[in-house]
Amino acid sequence: MTNAWDLLLTDVQLATMVENASDYGAIRDAAIAVKNGRIAWLGCMDELTESQRQAADQVESGNNQWLSPGLIDCHTHIIYAGNRASEFEMRLKGATYEELQKAGGGILSTVKATRDASMDELALSAAKRIARLKSEGVTTLEVKSGYGLELNTELKMLRVARQLDQQDREIELRTTFLGAHALPQEYNQDREGYLEILLTQILPEVSCQGLADAVDGFCEHIGFSPEEISRLFVLAKELGLPLKLHADQLSDLGAAGLAAEHGALSADHLEYSSEASIKKMAMSGTVAVLLPGAFYVLREKQKPALDLLRKHGVAIAVATDANPGSSPVLSLLLMMNMACTLFSLTAEEALAGVTRNAARALGLGEDRGTLEVGKRADFVLWDIQDPAELAYMIGANPCSRVYKDGLASNVA
Ligand code: DI6
Ligand code: FE
């Protein structure tokens, strides 16, 4: 029977996370069906006909557990070599993140280690970290380059991401080119020289090889100026690449507004963003990606203006920012908790932040991020009584089964 479902999952409580619904878009005592890796049907158990049930190739019970969309970590730097535990110790003694970076440490110390690492070494260490995220139900992961800052290592990082994506059907990796992450040591006295190489050689080559799904930059006084980022964005747009931006993390350079003016998919961090910038984000539909891990690790005091993001109707996502410096974090569930406790999101906003709005931040809002017919059958079964538990518990990991493209994974 050609209309038969490949999988019917019965006896679940659906947190559909559809837009403009309350209560997590919940459908209780429900079932969900998959055909060709997409959601083919969902509804209440009593709407399910006996013939539909009979025709399904495979029927599984969810044992009345909650089912959410697969989690999406929409901002990570998870491919890198080495670690920065010694900088952590220096920061505990009073050094600041900016001081370490200006002294040639910070991002640049990870650049050195990553340049020296082989593809296999990078793939192996990243796969271990990715396994932690998968165990919590992450089915889509964004990965940035930016620890190469020269052509070969930028290509190497992005190739490792593509390779990990192809080798593992349980998670999809989306790549972002972050050549404008920091000024490499060898261009210390020659900013213009690096920008020239970045814009005329590295980005065109990355684009030509189809290795990047988006382009990002670090707009900050220890990164790149708004003018420099504008030049990058103009070129990226010419190459047809969507934009993202590390914006207003440590100071207000109007970066979130700049990202919005260029139609960026997301502006990320936003601790220092002004209302004017937030209004521009609302106008352009730019998603606000909040990164409470970096805020916590750097002991920041200024929080993103959540009330203004809400007032102007900006979609809010939450991500790990997994990186060896400012956010050595491998738990998206913990980021949901921190987004609530540190930034005052509701538990429902936090779940929307790692599903529907995270999909949007990657330009994948039509394809995933909610439980709706036609969307990718990426979902997670949780051993919880109430979806608020996902943000409430710390260190619990109630993930009991993960489905990617309708197939159960071995991760939980
Ligand atoms: N902002 C961040 O949060 C990461 N990069 C950036 O521009 C930090 C990366 C690092 O410290 O290695
Ligand atoms: Fe980051």
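The values are calculated or read from the model by the stated rules, or taken from the named source; none is laboratory data. Every value quoted in this text rests on a predicted model; they were computed, and no experiment measured them. Here Cβ is always computed from backbone atoms with ideal geometry, including for glycine, and neighbour counts include all displayed protein chains. The protein model used for the area step is the full one, side chains on, heavy atoms only, and it has no ligands, DNA or RNA in it. Shrake-Rupley method; radii C 1.70, N 1.55, O 1.52, S 1.80 Å.
With respect to L235, is the statement that it is assigned to a helix (DSSP H, G or I) and more than 15 Å from ligand 2 (Cβ to nearest atom) true?
The answer is yes for L235.
Within segment 32-54, does at least one residue satisfy the condition of being in the same structural domain as L334 (by TED's automatic domain parsing), over 29 Å from I171 (Cα atoms) and open to solvent by 50 Å² or more (accessible area, probe 1.4 Å)?
No, there is no match, as no residue in segment 32-54 is in the same structural domain as L334 (by TED's automatic domain parsing), over 29 Å from I171 (Cα atoms) and open to solvent by 50 Å² or more (accessible area, probe 1.4 Å).
Could you please let me know if L298 is under 25 Å from F218 (Cα atoms) and crowded, with 24+ Cβ neighbours inside 10 Å?
no
If we keep just the residues of segment 91-111 that are of a type in the set (K, R) and surrounded by fewer than 16 Cβ atoms within 10 Å (Cβ to Cβ), which is nearest to ligand 2 (Cβ to nearest atom)?
K102
All but one of (1) farther than 20 Å from F379 by Cα; (2) surrounded by fewer than 19 Cβ atoms within 10 Å (Cβ to Cβ) hold for S135; which doesn't?
S135 satisfies all of (1) farther than 20 Å from F379 by Cα; (2) surrounded by fewer than 19 Cβ atoms within 10 Å (Cβ to Cβ) except (1).
Return the residue satisfying two criteria in turn: it lies in segment 80-90 and is open to solvent by 30 Å² or more (accessible area, probe 1.4 Å) and hydrophobic (A, V, I, L, M, F, W, C), and of such residues it is nearest to T153 (Cα to Cα).
Among residues in segment 80-90 that are open to solvent by 30 Å² or more (accessible area, probe 1.4 Å) and hydrophobic (A, V, I, L, M, F, W, C), the one nearest to T153 (Cα to Cα) is A85.
Within the group G363, G406, G395, G353, which residue is modelled with pLDDT of 95 or more, closer than 30 Å to L122 by Cβ and touching an Asp or Glu at 6+ places or on another chain (Cβ under 9 Å)?
After applying the criteria, what remains is G363.
For segment 194-227, name all the residues that are more than 16 Å from ligand 2 (Cβ to nearest atom) and of a type in the set (V, I, T).
I197, T200, I202, V206
From the set of residues in segment 363-404 that are of a type in the set (D, E) and more than 17 Å from the chain's Cα centre (by Cα), which is surrounded by the most Cβ atoms within 10 Å (Cβ to Cβ)?
Looking at the filtered set, the residue picked out is E372.
Pairs under 9 Å by beta carbon, first residue farther than 17 Å from V329 by Cα in segment 119-130, partner basic (K, R), six or more apart or different chains?
M119/K156; M119/R159; L122/K156
Which of the following residues is more than 30 Å from D57 (Cβ to Cβ) and open to solvent by 20 Å² or more (accessible area, probe 1.4 Å): L342, L407?
After applying the criteria, what remains is L342.
Give me the pairs, please: first residue somewhere in segment 261-278 and at positive phi, second residue anywhere and among the polar types (S, T, N, Q) and buried (at least 22 other Cβ atoms within 10 Å of the Cβ), beta-carbon distance under 7 Å, and either six or more positions apart or on two chains.
Listed by first residue and then by second, the contacts come to H269/Q249.
Could you tell me whether any residue of segment 66-77 is assigned to a strand (DSSP E or B) and open to solvent by 40 Å² or more (accessible area, probe 1.4 Å)?
No, the conditions are met nowhere in segment 66-77.
Condition check: within 16 Å of ligand 1 (Cβ to nearest atom), in a loop (DSSP other than H, G, I, E, B) and of a type in the set (A, V, I, L, M). Does L245 satisfy that?
Answer is no for this residue.
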